[in-house]
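Below is one structure, written out as structure tokens, with a few remarks after it.
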Amino acid sequence: MSVLAEKAPAKINLTLRVVGRRADGYHELESLVAFADLADTLTLQPGPKVTLDMSGPFAAACGSAAGNLVLKAVAALGERIGPIQSGHFALEKNIPVAAGLGGGSADAAAALRLLARANDLAPDDARLAAAARALGADVPVCLDPRPRVMRGIGEVLSAPLALPRLDALLVNPGVPLPTRDVFARFAGRGRGKGSRGQVAGDRKALIAFMATQDNDLTPAAVACAPVVAVVLAALRALPGVLLARMAGSGPTCFAIFASHNEAAVAARAIEAGHSNWWVRNATIG
């Protein structure tokens, strides 16, 4: 069998509301999720031995291959369907680590898609979804990376949504911020269930909807990493910015512009003032 390949796109929480807390301590969320054209690349060369090599600008930050979610995906699926065809994985890591962009979850989901192809499983096989849920809260939405509303602790997904493409700027200050640390600092009690509006299909209405939703984890992230507030202030001061907020649990933040050219000009301005920040233009949708 030839080498199989999958993209693992960065997950962008366009909105993120904490709507409650369960008895087991997990927070329930409501989030409008989309995906960017920034992506890791994962390949699988089918073979008798399960191995993983990593490359790319953020490979070193991933730590040991033994604990990587790609290999955990093999184990999780194997537990549900028995012996499976696997082999050698190669991961090109382009998404920053512990950045609030769901890179590890996207990689795990890409691994499940590759394993499905190698083992002739249908994309909607319930065992794939079960393995995704076992791997982490963000893996289910990454399994079929299309815009959706994500609820619960990530396991309740809407049907795919038709969202307009958004020209964006992603900025990460280079400070890893584990999701568990942000939730540990979260002091809110949630706002109750139910969104405050309908997701719209044109850009102007979508941005207006996003402006009513916010990201409830921002104060907790700023408490953990004050530089998040600095990034947001820098983005909100840019000419032409339509909206700026934190992505996921941070520290990456994003800004939306009316065009790719405006976003590119903004990227150069941020890079000129903050040479140590990671800056990337992206299309979200």
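A short reminder: the numbers here are calculations on the coordinates, not readings from a lab. Keep in mind the model is a prediction, meaning the values are calculated, not measured. Using ideal geometry, Cβ is built from the backbone for each residue, glycine included, and neighbour counts are taken over all protein chains shown.
Can you pull the three principal axis extents for the Cα set of the range 121-172, in Å, largest first?
Here the spans come out as 36, 25, 21 Å, largest first.
Using a 10 angstrom Cβ neighbour count of at most 15 plus a DSSP loop assignment to flag exposed trypsin sites (Lys or Arg not before Pro), which longest range of the chain is free of such sites?
No qualifying site falls inside 50-164, the longest such stretch.
Which length gain, in nm to one decimal place, applies between Ile81 and Arg133 when the Cα-Cα distance is subtracted from 0.36 nm times their residue separation? Numbers along the way, then the final one.
Working: separation 52, 0.36 × 52 = 18.72 nm, distance 1.51 nm.
So the chain would gain 17.2 nm between Ile81 and Arg133.
Sorting check: for 166-176, 205-215, which peptide has the highest mean count of neighbouring beta carbons within 10 Å, and how do the rest follow?
Result, highest mean first: 166-176, 205-215.
Among Pro147, Pro219, Leu177, which residue has its Cα furthest toward the positive end of the charge dipole of the chain, with +1 on Lys/Arg Cβ and -1 on Asp/Glu Cβ?
Pro219
Only helical DSSP H runs with n ≥ 4 go in: add -39500 (n - 2.57) per run for the chain, normalise by residue count and round the 222 nm mean residue ellipticity to 500 deg cm²/dmol.
-9500 deg cm²/dmol
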